[in-house]
Amino acid sequence: MFTVYKVINTLNNKFYIGVHKTSNPYDTYMGSGLRIIREIKKYGVENFKKEILFSFEEKELAYLKEKEIVSHHKDNVNCLNISE
């Protein structure tokens, strides 16, 4: 299964959208993007929550949905994604 997830910093509302292949959507994975990794180091993982937005069996569909969501938020200053 491929999940499209959103990780939110509960202190400043900055967020990251990502895709993760997993059998447990609620595992501890929080993303591999440069900015989300920096945020977690700075604020501590305890100040982040993960929301599962969508689940897909096909990787391509998950990445298309991630791209759609990130492109919708590209001008949002709280979005930590660097690119689609």
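The values are calculated or read from the model by the stated rules, or taken from the named source; none is laboratory data. All figures in this text were calculated on a predicted structure; none of them were measured in a lab. We place every Cβ from the backbone using ideal geometry, glycine too, and count neighbours over all the protein chains shown. Surface accessibility is based on the protein's heavy atoms, side chains included, excluding ligands, DNA and RNA. Shrake-Rupley method; radii C 1.70, N 1.55, O 1.52, S 1.80 Å.
Among the residues of segment 7-21, those identified as open to solvent by less than 50 Å² (accessible area, probe 1.4 Å) and in a strand (DSSP E or B) are Val7, Ile8, Asn9, Phe15, Tyr16, Ile17, Gly18, Val19, His20. May I ask you to list the residues in segment 29-69 that are part of a loop (DSSP other than H, G, I, E, B) and of a type in the set (Gly, Ala, Ser)? Selection gives Gly31, Ser32, Gly33, Gly44. Against the conditions (1) loosely packed, with under 13 Cβ neighbours inside 10 Å; (2) under 14 Å from the mean Cα position of the chain (by Cα), Leu80 satisfies every one except (1).
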